[in-house]
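Here's the structure we're looking at; comments come further down.
Rule-based calculations on the coordinates, nothing more; no lab input. Every value quoted in this text rests on a predicted model; they were computed, and no experiment measured them. A quick note on method: Cβ atoms are made from the backbone with ideal geometry, for glycine too, and the neighbour counts reach across all protein chains shown.
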Amino acid sequence: MYVSAHARVPCVSQGRERPLTVHHLNQLLLVCSLVLLVAVAAVRISSRSGLPSLLVYLGIGILMGQDGIGDIHFDNAELTQVIGYAALVVILAEGGLGTKWKEIKPVLPVASTLALVGVGISVGVTAAGAHYLVGLEWRQAFIIGAVVSSTDAAAVFSVLRKIPLPARVNGTLEAESGFNDAPVVILVVAFSTAGPVDHWYMLLGEIALELAIGAAIGLAVGWLGAWGLRHVALPASGLYPIAVMAIAVTAYAAGAIAHGSGFLGVYLASMVMGNAKLPHWPATRGFADGLGWIAQIGMFVMLGLLVTPHELGDDIWPALVIGLVLTMVARPLSVVACLVPFRVPWQEQALMSWAGLRGAVPIILATIPMVEGVDASRRIFNIVFVLVVVYTLVQGPTLPWLARKLRLGEEPEAADLGIESAPLERLRGHLLSMAIPEGSKMHGVEVNELRLPAGAAVTLVVRDEKSFVPLPTTVLRRGDELLVVATDPVRDAAERRLRAVGRGGKLAGWLGMNGAETR
């Protein structure tokens, strides 16, 4: 079987060609659904082994490829790049929606420095190693240095999800991975189209301008989108997740068309909406999370198809050498240079140095030189592919061990409440639905001890699959589902109070907990 973006299926009956028939569509849907099912089942294997799921998806693509059991020949780098860009937009949108402003706000200067200055240091050191140790030409060395300088939040947190780290570490790694995609993309495109420029300050100016345009558009689109969704009641709850994702994609497209960084735009727009207390938020997060999984699976399977395993033999040694320079020299040097001025403890610096996992972005960016026709672009792709796979295998399983050795684990905080809001436009009110999770300090609190503001009341409790109207003295328990009715003026205050009690118990207000948004 040969797969190509320009492949056509002849239509004999009409005497012309058309791209696809219903019969081939049925086959394609069957294959795609089976791949998705296998990928979903494989997530459990990766979660038990501590390996990022990206390796499982890459393996599925390789098995389906020309050197595997599927014997599918796929070599369209341009199509891979286009689909990869679309998948990255979805992944960045999902990441931005899940980013908590309260966690990244204190570390914003640190993360921004890592994403800009740290990327520059990493590119320079890695390029020097690729040139002097492997013998690549400077242009090829700089392309590889730029390609592998972007970290991947999904890969990092998929292996750290069972270890509660300090908020500063989590926030820094998450914000850095969201911010550094934009400058890296600009650098890879610049090196692939013109090579290292003579006037480096012009390149820096171009990067700064594109980042500024992307940030401005992303923040504006995110704010306008959040304002609109909070003030316009849509007729169906299922429309809210669709609208949120459409707004996020709008931020990317508008930023890119305006010659700015669309990737930074979609991340910032999604982060603004993710912290804006939108209606039907749990449903929106679930929808975005599902789209993110589909994007990752599809992207990595396609990348696995694009690689030709029997051609990787000559590139394994260069990949190991460049990866060693990246992980043992470039990444630690960039982290230390950026974090020492902020007086970050050495234990956190050590963990963040080792937590620079590479994932989706480097392999996708490695297709840019192939599309631009750079000399030895296929070798660049193979080196990046081997580097990402090998060093993810090395770093992924050892990250939890290192975090424990550095004693960076913390006791988990009280579980936060997932509160879903449904606007009642004609009644000028809101329905807030929530479930009391394990670890919540709302367990054991009486309804009257919630001290909700006037205009808000708990109207229904569901316990053990039975619903009842609570009394003021009803004691709430873990697993209870509550329905709270609140008028427009007190809706935000009621939600803040519920979150505060969930974290601090009945004395939350007296103990100084203000119930700030923690989403």
**Q.** Residue-by-residue Karplus 3J(HN,Hα) for the range 291-306, coefficients 6.51, -1.76, 1.60, Hz, glycine and proline x
**A.** 4, x, 5, 4, 4, 5, 4, x, 5, 6, 4, 5, 5, x, 5, 5
**Q.** For the range 255-356, with +1 on Lys and Arg beta carbons and -1 on Asp and Glu, the positive-most of Leu333, Tyr267, Leu278 along the dipole
**A.** Leu278
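What order do you get for 223-229, 275-281 when each peptide is scored by the mean count of other beta carbon atoms within 10 Å, highest first?
My ranking of the peptides, most packed first, is 275-281, 223-229.
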Q: Assuming R0 = 60 Å, can you tell me the calculated FRET efficiency for the pair Leu108 and Val22, based on Cβ-Cβ distance, to the nearest 0.05?
A: 0.70
Q. Local charge sum around Val461 (other residues, Cβ-Cβ under 13 Å, Lys/Arg +1, Asp/Glu -1)?
A. -1
Q: Read phi for every residue in the range 445-451 and hand back ³J(HN,Hα) as whole Hz from Karplus 6.51 cos²θ - 1.76 cosθ + 1.60, θ = phi - 60°, with x for Gly and Pro.
A: 8, 7, 4, 5, 7, 5, 6
Q) Once you sort the root eigenvalues of the Cα gyration tensor of the range 296-341 as a ≥ b ≥ c, which label holds: rounded (a/c under 1.5), prolate (a/b larger than b/c) or oblate (the other case)? A) oblate
Q: With a ≥ b ≥ c taken as the square roots of the eigenvalues of the C-alpha gyration tensor of the range 224-306, please select rounded if a/c is under 1.5 and otherwise prolate if a/b is larger than b/c or oblate if it is not?
A: oblate
Q) Which net charge results when you count Lys and Arg as +1 and Asp and Glu as -1 among the other residues whose beta-carbon is under 14 Å from that of Leu507? A) +3
Q | Cα→Cβ-extended label distance, 7 Å offset, between Ala86 and Glu449, nm | A | 5.4
(Q) I'd like to know which of Leu450, Phe468, Ala486 lies farthest towards the positive end of the charge dipole of the range 418-507, counting +1 on Cβ of Lys and Arg and -1 on Cβ of Asp and Glu. (A) Leu450
